[in-house]
Amino acid sequence: MLKGKTALVTGATSGIGLGVARALAAQGANLLINGFGEPAAIDALTTDLARRHGVDVVHSGADMAWPEEIAAMVAQGAARFGAIDIVVNNAGIQYTAALEDFPVGQWDRILAINLSAAFHVMRAVLPAMRARGWGRIVNLASAHGLVASASKSAYVAAKHGLLGLTKVAALETARTGITCNAVCPGWVLTPLVQKQIDDVAARDGLPVETAKARLLAEKQPSLEFATPEQIGGVVTFLCSPAADQVRGASISVDGGWTAQ
Ligand code: NAD
């Protein structure tokens, strides 16, 4: 379905971003994957994606906290592939603390990576998408873009902001072949969430499996984690012709979290 198209997926060296990159490559899209990691592991990953799906895959180690690195990443994609057709703004980080204890540096970094990076990427890719008359932008928000939890001020603020940004982009592109939507996962068992499970286990002296079950029971009625593959499936749908008129939407994949 996406043969000949190029997809930029930020934060694609782990977790959800990797699941999304695999799903888009399986549809034939060439990939510009961004994210951190050991060079050997990233080499193995790009080689595996390229071989398995017969697509062209390159990596950018740009830090999404810095606008000039984002601009260089988009320029790298344009130079290699001609243009970027699909963008998945996925890179994200978490830090938990009560508001009055929240380190200012962590606030700034979360807002930069989880929110401002999407603005900088979209700003850079939109002119070429408009010129080509087609584009797909998918922003990885969260259940925390729709509802809040204590101790997550920066993350919740950034994800709520990302949903607002998604709607503005959808309106500004409404009469074009470009769509912009958001996906809002609940708990997905990735390194980002494993760290929160490990912190709860250590803090409350619990076995990791008990901490995991408690995390799910607190928020996610299905009592099951969503998977990176399922998020990849939803992003693939948003890139399909069936989603041509899905614009400015937030699709929840949260086991019922925000239905409560
Ligand atoms: P993860 O920690 O497994 O992966 C994060 C990815 O982002 C990695 O590839 C990492 O290298 C990259 N990254 C981190 N900081 C970066 C930076 N400054 N510049 C470039 N790349 C950077 O996390 P995940 O759970 O897969 O989360 C991916 C996205 O999904 C995030 O935006 C997160 O907020 C969102 N999300 C996750 C969950 C969940 O339960 N895991 C739920 C809702 C939303």
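When a/c reaches 1.5 or more, the comparison of a/b and b/c decides; with that in mind, is the chain rounded, prolate or oblate per its Cα gyration tensor? Since a/c reaches 1.5 and a/b is larger than b/c, the shape of the chain is classed as prolate.
Residues considered: 36, 81, 102. Largest GNM mean-square fluctuation over the chain, using C-alpha springs under 10 Å, is found at 102. Taking a straight Cα-Cα cut-off under 14 Å and skipping sequence neighbours fewer than 8 places away in the same chain, the aspartates and glutamates within cross-link reach of residue 5 are 56, 85.
Taking amide H as placed 1.01 Å from N in the peptide plane, the amide H of residue 189 sits under 5 Å from that of 226, each at least 5 places away or on another chain. To the nearest ten degrees, helix 39-53 and the longest principal axis of the Cα atoms of the chain are 60 degrees apart.
Taking amide H as placed 1.01 Å from N in the peptide plane, the amide H of residue 57 sits under 5 Å from that of 31, each at least 5 places away or on another chain.
Helical runs assigned H by DSSP (4 residues or longer) give the chain a calculated mean residue ellipticity at 222 nm of -15000 deg cm²/dmol, each run adding -39500 (n - 2.57) before division by the residue total. Using a Gaussian network for the chain with springs between C-alpha atoms less than 10 Å apart, which of these wobbles most: 69, 100, 229? With Cα springs under 10 Å in the chain, the top fluctuation among 69, 100, 229 is at 100.
Were the residues from residue 80 through residue 1 laid out at 0.36 nm apart, the gain over their Cα-Cα distance would be 26.3 nm. One way to sum up the overall shape of region 187-227 is the equivalent ellipsoid from its Cα gyration tensor, whose semi-axes run 16, 12, 7 Å, largest first.
In order along region 215-223, phi translates into HN-Hα couplings of 4, 5, 4, 5, 10, 10, x, 5, 6 Hz, rounded to whole numbers, per the Karplus curve 6.51 cos²θ - 1.76 cosθ + 1.60 with θ = phi - 60° and x for Gly and Pro. Taking the longest Cα principal axis of the chain as reference, the axis of helix 117-132 is set at about 20 degrees.
Label separation (residue 203 vs residue 128): 4.3 nm, computed from points 7 Å beyond Cα along the C-beta direction.
Whole-Hz Karplus values for region 8-23 come out as 9, 10, 7, x, 9, 8, 7, x, 5, x, 5, x, 5, 4, 4, 5 Hz, taken residue by residue from phi with 6.51 cos²θ - 1.76 cosθ + 1.60 and θ = phi - 60°; glycine and proline positions read x.
Ranking 222, 196, 135 by how far each Cα lies toward the positive end of the dipole of the chain (charges on Cβ) leaves 135 at the top. With respect to the chain, whose longest principal axis is taken over its alpha-carbon atoms, helix 228-238 is tilted by about 40°. Of the residues 156, 188, 168, the one that moves most in a GNM of the chain with alpha-carbon contacts below 10 Å is 168. A full extension of the chain between residue 52 and residue 192 corresponds to an added length of 47.7 nm, given 0.36 nm per residue minus the alpha carbon distance.
Since every read-out is calculated from the coordinates, none of them should be taken as a lab result. Because the structure is predicted, anything quoted here is derived from the model rather than measured. Reconstructed Cβ throughout: ideal geometry from the backbone, glycine too, with neighbour counts over all protein chains shown.
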